[in-house]
Amino acid sequence: MLYLGRILSIGKNQDNNPFVAYRVSSRSFPNRIAKEFEHSAAIIPKEGYEKDIFENPYIAYNCLKVVGGTAIITNGSHTDVISDKIAVGMNIKDALTLSLLAMDYEKDDYNTPRIAAVVKPENSKGEYEAYVGIVTHEKILVERLKNDEAVYISTYECQSPEKVEFNASNSTETAEFIINKGKFEEFTNPVASVGAVFNKKWTIASKNL
């Protein structure tokens, strides 16, 4: 069993539909929940643990936003930065790279990396784009996925995209899958997750343990 910290996964599921998924795994601040809205999702402290944000400002943030049909998913406040750049027309690769470069890794006790991904479903021309990125205290990486693959990346241990079979058909199953199914069952300390699947439109679900 491995502790990977925060994990995200993106790509195409077994139905060939685009998806994004995010999981909080935590040993230090487990008293958090994921909460979904129509076009976004956030990680926030559980009721009674609101003061935790004063101990660590990185534990509450928007982890998912949908902007103009494009899904942005990350492990921190850079969700908003990337989303803003895409909203004004910047291409995905530049929006990811510039935002990760500007915000850099988290300045906590662990130099926690920032991870991020963006998925733009197929347009009228059949074009599909999916990128994943990470910035650590040692590197920055932004990589485009192939059309038919799914990958995951994490803050610890797995800091480069790894291919994965993601067997979940809808947003609820997606949130559940990244918590404790398939490959993700091998990873410890799950707390909460968010999943979104595109089938004509994005739908979002959350899962809390």
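The values are calculated or read from the model by the stated rules, or taken from the named source; none is laboratory data. The structure presented is a predicted model; accordingly, all values stated were derived computationally and were not measured. Counting neighbours? That spans all protein chains shown, and the Cβs are built from the backbone with ideal geometry, glycine included. When the accessible area is computed, the model is the full protein with side chains, heavy atoms only, and any ligands, DNA or RNA have been set aside. Shrake-Rupley method; radii C 1.70, N 1.55, O 1.52, S 1.80 Å.
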Considering each residue of the stretch 117-151, count those that are open to solvent by 50 Å² or more (accessible area, probe 1.4 Å) and at positive phi, and give that number. 0
What are the pairs, 6+ residues apart or on separate chains, where a residue within the stretch 191-209 that is without any contact (Cβ under 8 Å) to a residue 40 or more places away in the chain and over 11 Å from V24 (Cβ atoms) has its Cβ under 8 Å from a residue that is open to solvent by less than 70 Å² (accessible area, probe 1.4 Å) and hydrophobic (A, V, I, L, M, F, W, C)? T203/A196; T203/V197
Of S9, S83, S25, the only residue that is open to solvent by less than 10 Å² (accessible area, probe 1.4 Å), more than 21 Å from K207 (Cα to Cα) and either in contact with a Pro (Cβ under 8 Å, 6 or more places away or on another chain) or of a type in the set (S, T, N, Q) (or both) is S83
Please verify whether S99 is part of a loop (DSSP other than H, G, I, E, B) and within 16 Å of the chain's Cα centre (by Cα), treating the condition exactly as stated. no
Taking the stretch 1-52 and the residues there that are aromatic (F, W, Y) and assigned to a strand (DSSP E or B), the one that is farthest from N180 (Cα to Cα) would be F19
Pairing a residue in the stretch 162-183 that is more than 21 Å from K200 (Cα to Cα) with any residue that is part of a helix (DSSP H, G or I) and open to solvent by 50 Å² or more (accessible area, probe 1.4 Å), where Cβ atoms lie under 7 Å and the two sit 6 or more apart in sequence or on different chains, gives V164/K183
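One line per residue, one yes/no per condition, for (1) modelled with pLDDT under 95; (2) open to solvent by 40 Å² or more (accessible area, probe 1.4 Å); (3) farther than 21 Å from G69 by Cα:
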position	(1), (2), (3)
P161	no, no, yes
S171	no, no, no
T174	no, no, no
K181	no, yes, yes
E185	no, yes, yes
T188	no, no, yes
W202	no, no, no
A205	no, no, no
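Do we have E38 as open to solvent by 80 Å² or more (accessible area, probe 1.4 Å), in contact (Cβ under 8 Å) with a residue 24 or more places away in the chain and on the phi < 0 side of the Ramachandran plot here?
Yes, satisfied.
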